[in-house]
Structure formats: structure tokens, C-alpha cells
1. Can you pull out every residue in the stretch 26-58 that is within 15 Å of Arg170 (Cβ to Cβ), among the hydrophobic types (A, V, I, L, M, F, W, C) and either open to solvent by 70 Å² or more (accessible area, probe 1.4 Å) or assigned to a strand (DSSP E or B) (or both)?
2. Could you tell me which of the residues Leu88, Leu98, Leu112 is within 21 Å of Ile138 (Cα to Cα) and either open to solvent by 60 Å² or more (accessible area, probe 1.4 Å) or not in a strand (DSSP E or B) (or both)?
3. Are any residues in the stretch 133-176 assigned to a loop (DSSP other than H, G, I, E, B) and of a type in the set (D, E, K, R), and if so, which ones?
4. So how many residues does the stretch 115-127 have that are among the β-branched types (Val, Ile, Thr), open to solvent by 40 Å² or more (accessible area, probe 1.4 Å) and in a strand (DSSP E or B)?
5. Any idea which residue in the stretch 70-79 is most open to solvent (accessible area, probe 1.4 Å), counting only those that are in contact with a Gly (Cβ under 6 Å, 6 or more places away or on another chain) and in a strand (DSSP E or B)?
6. Answer yes or no as to whether Ala83 is touching a residue at least 24 places away in the same chain (Cβ under 8 Å), touching a strand residue (DSSP E or B) at 6+ places or on another chain (Cβ under 9 Å), open to solvent by less than 10 Å² (accessible area, probe 1.4 Å) and among the small types (Gly, Ala, Ser).
7. Would you be able to say whether some residue in the stretch 129-140 is among the aromatic types (Phe, Trp, Tyr), under 19 Å from Gly41 (Cβ atoms) and either open to solvent by 60 Å² or more (accessible area, probe 1.4 Å) or within 18 Å of the chain's Cα centre (by Cα) (or both)?
Amino acid sequence: MRSRLTHLRASALAALAIALLQAPVRADSPAVRLSDAGQSGVFNVKDGQATVDRVADPAVGERVLKLDYTLPKGSAAGVWTRAFPGGLDPEHVDVAELAVKGDGTGRGDAALEIKGTSGTQRIPLGPRPEWSRSEHPIEWSRIGSVNEVVVSVGQVGDSPATGTLWLDVRFAKIPW
């Protein structure tokens, strides 16, 4: 009897350990993607220039945003996105999943900004020549309801910044 009780405790402990150590599984609802915004465009500050296109990228397997920029000293540029399909809210989204690739001069400071009714959450982007991926929790108490999501690139230092950013940004739910 004691051996059976010990075996049951060990089995229960093993099952609990497996459940706790498993990586969270993504929610059934599809992620909200930056490239799916109903409205988007570029902005330019001072003499900064940018263009944006939706392109297919074989490495990602889906559409991504391609942002080309030229930034003289003291300028900035970027892309704004609005009118997302339903689900960009605290009930449906916990994290921003970022996949970023860049081929710039290294003189640009890039960030994702989630702008809302209460404020802005800024997530620095570290573009590299190959795709880099990261996840960042969404700070809903800071943002409130989302108005727009912006990717901005600012010139840094004394020399101009030129380059291209490829962006695959998804807003997803992680069930606990």
C-alpha cells in the first residue's frame, strides 16, 4: 500500500512538473499583424524621407512591411498604422512579437510605438542584417485603447542615416 501511495505521489508530482515547465501555447485567435492595418502611411520630420511597401518575404512566409529611409542630420521618419482588424485590445493581446531585419548604416535609432488614449509604449528595435525575433509584454495600463502603432527611425550622430527595415510585427495572446 505504501509503495502504491509513493508511486501515485511521484506520478502526480511528475505531471505537475511537466505542466509547469511547458512553454505557453498560443491562443486560438489569430494574431493582429501590423501589415494588416486598414490605414497606413509615412511621416517625415525635417528633411527625413521614408517610403513603405507591403512585400512578401520568403524567410517569413508572409507579407511584411518594408520601410526605406534617408535621414539627414537631425531628422526622422517612419510609418504609421491605424484601423486594425478587431482584437487589438487587452482581452485578445498580451505581447508584441517582433521580427525585424535591417540593412542600414547603423546611424538610425528605430522603435515601435504603441499609441493610445492614455499614453505611449515605446519598444526599441535592434535591426540586424538577419531576422531577429523578440517578444515584449504590452503595457495596457500605460496605453489605454490603441489609436495607432508607429515605427519611427531617427538619425543619430553627425552623419546621415540611410537604409531599409523589414518588419513583421504581430500582437498575440498567450494563455496562462
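The values are calculated or read from the model by the stated rules, or taken from the named source; none is laboratory data. Bear in mind the structure is a predicted one, so any value in this text is a computation, not a measurement. All Cβ positions, glycine included, derive from the backbone under ideal geometry; neighbour counts span all protein chains shown. We work out accessible area using only protein heavy atoms, side chains counted, and drop any ligands, DNA or RNA first. Shrake-Rupley method; radii C 1.70, N 1.55, O 1.52, S 1.80 Å.
1. Passing the criteria: only Val32.
2. Exactly one of Leu88, Leu98, Leu112 is within 21 Å of Ile138 (Cα to Cα) and either open to solvent by 60 Å² or more (accessible area, probe 1.4 Å) or not in a strand (DSSP E or B) (or both), namely Leu88.
3. Residues satisfying the conditions are Glu139, Asp158, Lys173.
4. Adding up the residues that qualify gives 1.
5. Selected residue: Ala76.
6. no
7. no
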